[in-house]
1. Determine which member of the set V91, V64, V72 is more than 30 Å from E151 (Cβ to Cβ) and surrounded by 13 or more Cβ atoms within 10 Å (Cβ to Cβ).
2. Restricting the range 156-200 to residues that are in a helix (DSSP H, G or I) and among the polar types (S, T, N, Q), which is nearest to V117 (Cα to Cα)?
3. Among the residues of the range 75-88, which ones are among the β-branched types (V, I, T) and surrounded by fewer than 20 Cβ atoms within 10 Å (Cβ to Cβ)?
4. Among what's in the range 1-42 and is assigned to a loop (DSSP other than H, G, I, E, B) and of a type in the set (G, A, S), pick the residue that is surrounded by the fewest Cβ atoms within 10 Å (Cβ to Cβ).
5. Name the single residue that is surrounded by the most Cβ atoms within 10 Å (Cβ to Cβ) among those in the range 44-57 being farther than 11 Å from G22 by Cβ and not basic (K, R).
6. Consider R57 carefully, then state whether it is within 13 Å of the chain's Cα centre (by Cα) and under 30 Å from M127 (Cβ atoms).
7. Considering (1) assigned by TED's automatic domain parsing to the domain that holds I25; (2) basic (K, R); (3) in contact (Cβ under 8 Å) with a residue 60 or more places away in the chain, say which one R175 fails and leave the rest.
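The values are calculated or read from the model by the stated rules, or taken from the named source; none is laboratory data. Given the structure is predicted, the values throughout are model-derived calculations rather than measurements. Neighbour counts are summed over all protein chains in view; Cβ atoms, including those assigned to glycine, are modelled from backbone coordinates with ideal geometry.
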Amino acid sequence: MAATEIRLMVLGAVSLFEPVNGYQIRRELLSWRVEDWANIKPGSIYSALSTLTGQHRLERHDLVDNGRDVAVYTITDDGRAELQRLFVVAVETVVPGSRLGFYTAMSLMPLMPREAVLDSLMARTKMLEDQIQDGEQTLAARDTAPPHVGELVELWQVMAEGELAWIGRLITRARDGELGLQGDPPTSWAPPADDPGWQMDADRKRYRGLLGR
């Protein structure tokens with residue numbers, strides 16, 4: 001996983017669950033199965049927490065919780081601005097054959113206001129349309145390139161066309177307030193009773209008390 005996507009993921013996780021400790025972030029991200037599509041490593045999470053704290057995008061708080069030393073993290077105003085910037089870049093950048101940044105951003109959509117999400121999705125739509133147009137020109141001249149290159153361009157075309165149709169449906173759902181974006185009515189979804197997120201929520205409330213919040 002590229003450093004940019006790791007920063008986006010960690011900033012988003014802290015924003016979602018703050019105050020939160022490093023182990024909780026690691027456990028939560030693994031529950032999203034990020035190891036399957038992002039190849040995220042536990043060491044990368046802890047390294048990103050340290051780096052982002054040094055950059056004043058996260059704030060570390062050393063607490064004593066039930067007699068145990070624990071470091072918990074909250075996001076700063078600079079961190080929220082960086083989270084939004086990284087989200088926009090990840091959604092609006094189209095790289096043929098690679099959608100890691102986009103997948104990462106989509107997993108954090110609920111943190112973003114509806115209009116910001118719609119603006120970025122519309123920008124990505126334009127980028128995909130341009131990619132498809134460029135691909136059509138390349139395929140029209142495929143006799144001038146090795147055969148396998150033309151096949152690869154055709155694969156990118158199929159992927160871009162499929163994504164374009166999917167984004168159209170996503171935009172409709174976002175406009176209708178169905179995705180639980182920031183400011184939308186709450187959705188009916190809730191984690192199951194045995195989800196570790198419930199314990200995380202209890203810990204978060206306790207950490208807030210220790211921080212006087």
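1. After applying the criteria, what remains is V72.
2. The extreme case among them is T172.
3. Within the range 75-88, T76, V88 meet the criteria.
4. A2
5. Going through the qualifying residues, I end up with L52.
6. So R57 fails the test.
7. It fails just one condition, (1).
For (1) hydroxyl-bearing (S, T, Y); (2) surrounded by 18 or more Cβ atoms within 10 Å (Cβ to Cβ), each residue gets a yes or a no:
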| residue | (1), (2) |
| --- | --- |
| T104 | yes, yes |
| S120 | yes, yes |
| E136 | no, no |
| P147 | no, no |
| A160 | no, yes |
| G168 | no, no |
| R173 | no, no |
| D176 | no, no |
